[in-house]
Amino acid sequence: MTDQEKVKKLYTKKVEKLLKLNKAYFEKDSPIATDSEFDELKKELLTLVKENPFLKKIKNLDSLVGHKSSTKFEKIKHARPMLSLGNAFDREDMIDFQKKIKIFLNITSEVELSSEPKIDGISASLRYEKGNLTYGLSRGDGLFGENITENLVTINEIPKKLVNAPEVIEVRGEVYIAKKDFEKLKDKFANPRNAAGGSLRQKDSKETRKIPLRFFAYGIGEVSSQIFKNQTDLLKKLENWKFPINSHCKTIKSIDEIEKNHEELESLRSSLDYDLDGIVYKVNNLHFQERLGSTSNSPRWAIAYKFSSVKASSKIKDIAIQVGRTGAITPVAKIDPVTVGGVVISNATLHNEDEINRKDIRVGDVVTIQRAGDVIPQVVSVDKSKRNENSKKFIFPNKCLCGFLTKKEVSLTTKKTDAVRRCTRGYECNFTAREKLKHIVSKDAFDIEGLGKKVIDNFWELKFIRTPADIFRLNYGQIEKLEGWGKLSIQNLQKAIKDSKGIVLDRFIYSIGIRHIGQENAKILGAFFKTNKKFSKLFNSKKRKDILKNLHDLDGIGDTQVKSIEDFFSNEKNSNIIQSLIAVLNIGDFKKISKKGKFSNKNIMFTGGFEKMSRSEAKALAEENGAKILGSVSKKLDYLVIGNSKPTKKKIEKAKKLKIDLMTEEKWYDLLNR
Ligand code: IVH
């Protein structure tokens, strides 16, 4: 049976089960499954269809679970992006969060946090001008939202007018459905969150009005005058304007309080009339929030501390290994299937070789499995009392699935040996290559809709795609013969692939998957090379040497990254594969988002520690003001900013020789009005 046939069989079986449950529930009024089994089944079906669009042809789920395909709404740019949140899963993660904040702000005292339940609904942004609700947007992709005003105004809890409000204010919050209201909608939606999302994205607002959607406000976007000092004031003000604020919001400082709070709210969880999936902690002081700013995806001043996962016990049948796109070898426990929080699990990650050794995990062991939200299930502990006398220590294979020896790298900066074993053959290893292809088509890379992980696996097995360039030479006639591919889906795929050929340089650099070059570093490299012509000089071994020397000047690019680029381009197979890919693309120049500011187009470098801020904050401030940060003193440097605490003498001397402007810490504060 091919993979596709297997998926089809599984899908048909699940649809039949759902029909049976629906019948028992609605027609016979005697449910034969628990609520969560019902929900999970619907969720599984929706995921299956999402990953295997061909299933829609067999049985369209819309009629069964009320899944609405997204209709077209006008797109409007958010005045301030709607970011997502980083996650914390345990005490250590929260300690780390607090530590990073203190380091960034260069302070030693505890930072007060606003603790707010994380409502599992759909976020919305409401814009008020002169006190009147002008429009409301969904989150969309974070930068552009969908104009869903008509549906949002059906929510009674959302005020349509604000008294004594700033000229412009955007109020953000979560739209949700109360658990008891969801009971009546169960036949249509997989869970309350889906129901809220589906109702909000309905074209006909009369339909939305029938659904009792509710709202909790938790923050603001654009505001014309800053009238709040901290998050708690802001929530109070929102409450005065008649927005519903969750009653479990409070302020908190120490890690012990955080843990206590977590346990308390978690124990309340089942008694609350809305779904929670954790607690959001935000730095309470808004001035601190502003100083902390955000990375490309999420603010540095907030984190979502997820509720602990559900656990179960099972037996390890076997330990297999998986190869990732960086060649990382991950051991996976194949376990006797067990239900963890309503989902059947038969694989759980064991992380790496060190983890197996540390916990002495063996085949045949009875282990505890844990699953937290959308995170991969993991083996947390072994019950050694249940261990068989003859059980043998697990010997971690030293070879990759491709048969070649794996290595543990030694970090150039910390000199520590990595816990992860890797196959270092890149595209030469078939297992790594397949994962690299999945990365290339992914959202932040070429973003080819219709060419997901499953399709790559399928096309790989059929030998349609072996290298990235193959994606752009697909034989659509061949695909048409495959089950599940209709004319329309092929047309869409063809278009998505064609459109993706025009990729900008930094995105391209990220896509090819050079180890240690993530999105941020790819941007730095994009800004450095600017054009594909210059970037392509890396393929020439002589020119490469000089380029690599210059790369050291870039802040963020260190020895580790330079070595990784060297390794990538000196591998002949990698080099050929990427060159053939470039040949079929249309790589656009790096688009400089030139920030206007005090340091527009200036190169800055820092040495020594600062009193009023951390190095990270100084860098972030310089960048906000248009500067580029360099990592070493060279002719290109415009200013060397010298912190009062232990600056490097050598750097100052070199800068003096090169006649580079030196700036004291005091002058730096002066220029930035700090
Ligand atoms: S703050 C940049 N506060 O969680 C700050 N989010 O994973 C982002 N959410 O998209 C939002 N309750 O839909 C914030 N009290 C709360 C929240 C909350 C639920 C959701 C929101 C957001 C997602 C982030």
* Under 13 Å, Cβ to Cβ, from Glu611 - net charge with Lys/Arg +1 and Asp/Glu -1 -> +1
* If r is the Cβ-Cβ distance from Ser570 to Thr417 and R0 is 30 Å, what FRET efficiency results, to the nearest 0.05? -> 0.85
* To do: Can you quote the Å³ per residue value for the convex hull of the Cα atoms in segment 183-226, rounded to an integer?
  => 115 Å³
* Structure fact -> Filtered hits (aspartates and glutamates, Cα-Cα < 17 Å from Lys386, offset >= 8 within chain) -> Asp318, Asp336, Asp360, Asp365
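Using C-alpha positions alone, give me the convex hull volume of the chain per residue in cubic angstrom. Kindly include the intermediate steps, with their values, before the conclusion.
Values: hull volume 127.5 nm³, N = 674.
It comes to 189 Å³ per residue, whole-number rounded.
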* To do: Would you list which lysines come within 18 Å of Lys407, measuring only between C-alpha atoms, while excluding same-chain residues fewer than 8 positions from it?
  => Lys399, Lys415, Lys416, Lys563
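Sort 136-148, 568-580 by packing, meaning the average of other beta carbons within 10 Å per residue, with the highest value first. Could you put the intermediate results ahead of the total?
On the way: 136-148: 19.7, 568-580: 16.8.
Ranked by mean Cβ neighbours within 10 Å, highest first: 136-148, 568-580.
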* Asked: In nanometres, what is the gap between the two model label sites at Lys100 and Glu666, each 7 Å from Cα along Cα-to-Cβ?
  -> 3.6 nm
* Structure fact -> With x for Gly and Pro, the residue-by-residue ³J(HN,Hα) of segment 74-80, computed from phi through the Karplus equation 6.51 cos²θ - 1.76 cosθ + 1.60 at θ = phi - 60° and given in whole Hz, is 4, 9, 10, 6, 5, 4, 10
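Just the number please: accessible area per residue for segment 396-499, 1.4 Å probe, all protein chains included, in Å².
Numbers: 5700 Å² over 104 residues.
Spelled out: the 1.4 Å probe surface of segment 396-499, per residue, equals 55 Å².
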* Please tell me which of these pairs span more than 22 angstrom C-alpha to C-alpha: Lys229/Lys612; Lys501/Lys591; Lys443/Lys573; Lys180/Lys236? => Lys443/Lys573; Lys180/Lys236
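Over the chain, what is the relative contact order in percent, taking alpha-carbon pairs closer than 8 angstrom and at least six residues apart? Present the calculation step by step, with values, prior to reporting the outcome.
Details: 1159 pairs, mean separation 65.7, N = 674.
It rounds to 10 percent for the chain.
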* Are there cysteines in the chain with no other Cys C-beta under 4.7 Å, and if so, which? -> Cys249
* What are the lysines whose alpha-carbon lies under 19 Å from the alpha-carbon of Lys392, with same-chain residues fewer than 8 places away excluded? -> Lys315, Lys317, Lys334, Lys359, Lys384
* Asked: Quick one: net charge of Ser564's neighbours, Cβ under 15 Å, K/R +1, D/E -1?
  -> +2
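Between their Cα atoms, which of Lys8/Lys438; Lys549/Lys635; Lys99/Lys311; Lys306/Lys438 are more than 24 Å away from each other?
Details: Lys8/Lys438 22 Å; Lys549/Lys635 14 Å; Lys99/Lys311 29 Å; Lys306/Lys438 28 Å.
Long pairs (Cα-Cα over 24 Å): Lys99/Lys311; Lys306/Lys438.
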* Counting only protein heavy atoms, what percent of the accessible surface of the chain is carbon or sulfur at a 1.4 Å probe? -> 49 percent
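The values are calculated or read from the model by the stated rules, or taken from the named source; none is laboratory data. Treat the numbers as computed from the prediction; the structure is a model and nothing was measured. All Cβ positions, glycine included, derive from the backbone under ideal geometry; neighbour counts span all protein chains shown. The accessibility values were calculated without ligands, DNA or RNA, using every heavy atom of the protein model including side chains. Shrake-Rupley method; radii C 1.70, N 1.55, O 1.52, S 1.80 Å.
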